[in-house]
1. What number, rounded to the nearest 500 deg cm²/dmol, is the helix-based mean residue ellipticity at 222 nm of the protein assembly as shown, given -39500 (n - 2.57) per DSSP H run of at least four residues and division by all its residues?
2. For A:Val131 and A:Phe237, what is the calculated FRET efficiency with R₀ set at 41 Å and r taken between the beta-carbons, to the nearest 0.05?
3. Taking the protein assembly as shown as a whole, which cysteines find no other cysteine Cβ under 4.7 angstrom from their Cβ?
4. Relative contact order (percent) for the stretch A:282-514, with alpha-carbon contacts under 8 angstrom and 6 or more residues of separation?
5. Could you order the peptides A:339-351, B:250-262, A:52-64, B:118-130 from most to least packed, using the average number of other C-beta atoms within 10 Å per residue?
6. Over the stretch B:66-193, how many percent of alpha carbon pairs lie in each 5 Å bin up to the one with the longest distance?
7. Considering Cα pairs under 8 angstrom that are at least six residues apart, work out the relative contact order of chain A and quote it in whole percent.
8. Please list, by residue number, every one of the trypsin sites (Lys or Arg not before Pro) in the stretch A:411-510 that is coil in DSSP and has at most 14 other beta-carbon atoms within 10 Å.
Amino acid sequence: MDIFSNPELIRNARAQLRWGRMISVAAICAVLSLVTGYSLAHEQLASEPPGQWGMHLLQIALGAQVVALLLGGSLACLNAVHREKEMNTFDFQRVTRLTPWELAVGKLFGAPVLVYFVVLCLMPAALVGAVVGGARPTMVGAAYVVLLLGSIAVHAFAMVISMLHQRGTNTAAVLLLILALMSGFPTRNNRHLFDIGALNPFFAVQMVEEKSWEMVSLSAQQAEKADGQLSLGDVFFGLRLHHLPVLLVLYASFAAWFLLAVTRNLKRDPSVYELYTPSQSLGLLMYINLLMLGFFRWDYLLQTREAPRIFYDTRMAPNEAQGMFLGLNLSLFLVLGLTLFRNRDRIRRRLRELGDAASGWLAAIWPAPYVLAGMLLAGLAAVGMIQWKRDPKAEWDLVLAIFRLGIVALWVVRDLLYLQWMNLTRIRRPLTMGFVYLIVFYASTSILFFALDLYDTPRRQAITSFFSPAAALGLTGKQWTGVEPWWLLAMFGQVAAAAVFAWLGRQKLLALVPAPAVAPAAESPLPTVG
Amino acid sequence: MIHLENLTKEYDVMPTAGKPGQVLATDRLNLDVAGGEIFGLVGPNGAGKTTTLKMVCGLLVPTAGRVTVNGIDVERQPEAAQKHIGYLADFFALYDDLKVWEYLDYFAHAYKMEEAAIAARIDYAIGEMGLEPKRESYIAGLSRGMKQRLGIARAILHDPPVLVLDEPASGLDPKARHELKELLRAMNRAGKTIFITSHVLSDLEEMCSSIAILEKGKLVRAGKIEHVMRPDTPGRRVRIKLAIASFPLADWLGARPEVSAVVPEGNFTSVVFAFLGGDAELADLVAKLVAAGAPMCGVEEVSESLEKIFSRLSTGEIM
């Protein structure tokens, strides 16, 4: 089935693109384009090259297209599954013979079909601007590829949210969350930590101004001050790559990951949703780690500072670099753990299918093995890179680095086992409540530790790490030497706490074991009919 | 055609005072719906009817047990099983911004019907449901009854051998309900197996060939309609009415060996009882009663309505 004969796409197009609405949208876009174009031409400064207003028009039209696709398209995709569920129409789609892929693609392009029409209506203004402004046709074409693929990736993410969206969640709040996430993407050439250009689809607007495909080679020092300037060159494990294919590969790969989650689950019973298989989840995190390690500015950031630190100097000591990777992975693996959690429904089914094995100790420590293995794998890769790239003069202790990795990995495991236990608790929104209690715990301990001056000495820091090992992220040789037993005790504390939560989780599993054996059909209360 | 084996669905609700938080929506259901039947599923709200139907359609995954439709395991091969099912939910919406024919066209393509057959099949479904005048109308402008018809048109569009209908008569006026009944009968005559739930028990009683009664997720009674409707005591149920309560009717009947389960009614002017015997024996009993001086004014055979049986089952009066 090709995309244009996809029934879901056609349904959306029929519903959203009625003649009256299309004419209104086209008329509004035409008026706005004409007014903007005329104003820009009228306001053209004598100092500017002739036709510069065209470039401004192109950028404004393209900017409007980016905003329309990112905001309007994301909102439409956010409603694509969620609203169907609320209307009780989704079950009818689920019982059709559309494959999850066909349904997902139909919704991905169908839900925002009106927004695509708006983009189309703004094309004449953009093209006129491109011609008058003398933009490079290939650059303009590439900008639209960036816009389209970037939007698809964001829309696919919105679809994942829509699928997981529960009743009572405010769509606008979710949209804000997406925008907040997107605001974290570099929109310009912020190459402080990673040698990669802008990741936001607004990069398309900057691109059209470019006259050359050349990768501008910025030295490390220049790059520090180059915020706002465009460089089309990225560095991946020392290899210089053009930013455009890098960006397109990133958009395509993340869109594929998001669509994989959607197609795996879209036609399933929501109570047994499982975003990814454990191996797929681990694969996704390893991919993100590969990107982080590959684009990290090893050669510059791990240089020893000669001069006093200035505010834009982001160079870091090896242990600071490891702390940064550990911090990033801490969040990533928490998310991985969340995707692997088992709810009560899944536990019941496993208990019926697998019997005692589903309530054993191996089941009770789920998802710790995957998270621990992944965290150690990713952490060791970072340690290996630092070991290789560090300045030999810089302070670096391999044993300490491995200890740091171990305690942080166990910390993640401890909190995940707590959340998994909470997830099996029979309360309203158990996972949300689990997070709330966790936040209260960390906020309270931080306030108390500050009030009691427990961060003052290395020994006290080690003691606080029994409860919250955040201090381990920046642990240096000075803080470690002499108090090693305390730190080892703190590490053991994580294991002990994890064991307690695993035991509590096991009690929940045992409570869900069906008491009576399933009666055979012959013992049904009444004879069957035929 | 539809086979339910130990079908169990367990889920959580918020525990409240005195009530557990764990609910067995269906508890080890065993049912067989034969091809060509109209099978009614009856039960109060929360009995597990909708959950059962959703599991039959592969929309909910059972906690334990399995469902097969036409021999296909619904959980393992949902898409293959769904090909054989036309489903109508109890509360549903349609796409208000589509026209009637566009709505059916969407589902015809979603069911991957032969392109050449789609137009004719849409015409057929529209014609069967009496929606011709509304063909070009937007769904938003349809009445509740018309929307229900359109929902059924969608369910029968791909010509499935099994129709799973959850409260199809809800919200319909008496005329529309009657039409729906006739339509379902016609589809059944055309060979469709219909698995249906309804709160209007009299409708099911008229329509269904078999019935199952659910109570708190458990199967209370199931079988052919005449089997389920048969009284729980042996023999036929008979009511005798007296003009005045001047004769000890219950005592007189209670002493006779062919009579059992004597229940006086009203002001002892009538009695319902179970009678073992044919028409000739009943005539003999009546003659003896008149000869004994009972001021008789009526004899009738009593048949219980499904509603009555359901109510007696629900209150535990009969098991």
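Just so you know, all these numbers are worked out from the coordinates, no wet-lab data involved. None of the values given here were measured: they were computed from a predicted structure. With ideal geometry, Cβ positions are generated from the backbone for all residues, glycine too; neighbour counts draw on all protein chains shown.
1. After summing the helix terms and dividing by the residues of the protein assembly as shown, the value is -17000 deg cm²/dmol.
2. Rounded to the nearest 0.05, the efficiency is 0.50.
3. When partners are defined as cysteine Cβ atoms under 4.7 Å apart, the protein assembly as shown leaves A:Cys77, B:Cys57, B:Cys208, B:Cys297 without one.
4. It rounds to 27 percent for the stretch A:282-514.
5. A:52-64, A:339-351, B:118-130, B:250-262
6. Per 5 Å bin, starting at 0, the Cα pair percentages come out as 2, 10, 20, 23, 22, 13, 7, 2, 0.
7. Here the relative contact order equals 12 percent.
8. A:Arg428
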